[in-house]
Amino acid sequence: MVTIEHQGKSYEIEVDGFDSILDAAIDAGIEDLSYDCKMGVCMTCPSKVTGGEVEQDGAMLSDDVADMGYALLCVAKPVGEGVKIETVTEEELLDVQLVA
């Protein structure tokens, strides 16, 4: 189970470990999630990991930005239980990515 905080609402979704958190969230009916390429390149599905751990192979984030807890939902997969994600704006991620 992954908890997603999105636009002031909290959702608990089941992620099977094969699908990305984004795909599982879409399947669960969470609306208005920002995304485009679904390959970890365009950075339009940003989030911040606030609990637990995710792996995000292929994400175009620098290591230091990922170490700060930022993740791209389209390639992020939970590692274990207790993963909590908060969606953030693309502008917030780009501000951090360009400074790092």
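The values are calculated or read from the model by the stated rules, or taken from the named source; none is laboratory data. Here the structure is a predicted model, which means the values were calculated and not measured. Here Cβ is always computed from backbone atoms with ideal geometry, including for glycine, and neighbour counts include all displayed protein chains. Keep in mind that these areas ignore ligands, DNA and RNA; they rest on the heavy atoms of the full protein, side chains included. Shrake-Rupley method; radii C 1.70, N 1.55, O 1.52, S 1.80 Å.
If you filter region 34-92 down to residues that are in a strand (DSSP E or B) and among the hydroxyl-bearing types (Ser, Thr, Tyr), you find that the one that is surrounded by the fewest Cβ atoms within 10 Å (Cβ to Cβ) is THR50. Of the residues making up region 26-37, those that are under 18 Å from VAL15 (Cβ atoms) and within 14 Å of the chain's Cα centre (by Cα) are ILE26, ILE30, LEU33, TYR35. If you go through region 1-13 and pick out every residue that is among the β-branched types (Val, Ile, Thr) and either modelled with pLDDT under 95 or open to solvent by 20 Å² or more (accessible area, probe 1.4 Å) (or both), you end up with 1.
To keep it simple, each residue is scored yes or no on (1) of a type in the set (S, T, N, Q); (2) under 17 Å from VAL15 (Cα atoms); (3) modelled with pLDDT under 95; (4) in contact with a Ser or Thr (Cβ under 9 Å, 6 or more places away or on another chain).
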{"site": "MET39", "(1), (2), (3), (4)": "no, no, yes, no"}
{"site": "CYS42", "(1), (2), (3), (4)": "no, no, yes, no"}
{"site": "GLU53", "(1), (2), (3), (4)": "no, yes, no, no"}
{"site": "ALA59", "(1), (2), (3), (4)": "no, no, yes, no"}
{"site": "ASP64", "(1), (2), (3), (4)": "no, no, yes, no"}
{"site": "ALA71", "(1), (2), (3), (4)": "no, yes, no, yes"}
{"site": "LYS77", "(1), (2), (3), (4)": "no, yes, no, yes"}
{"site": "GLU81", "(1), (2), (3), (4)": "no, yes, yes, no"}
{"site": "LYS84", "(1), (2), (3), (4)": "no, yes, no, yes"}
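Confirm whether VAL96 is open to solvent by less than 40 Å² (accessible area, probe 1.4 Å), under 10 Å from the mean Cα position of the chain (by Cα) and without any contact (Cβ under 8 Å) to a residue 60 or more places away in the chain. When the stated conditions are applied, VAL96 does not pass them. Within region 14-33, being of a type in the set (A, V, I, L, M) and open to solvent by 30 Å² or more (accessible area, probe 1.4 Å) holds for ILE26, ALA28.
A Cβ distance below 6 Å, combined with a sequence gap of six or more or placement on separate chains, defines the contacts here; from region 8-26, residues that are part of a helix (DSSP H, G or I) reach residues that are open to solvent by 60 Å² or more (accessible area, probe 1.4 Å) and aromatic (Phe, Trp, Tyr) in the pairs LEU22/TYR35.
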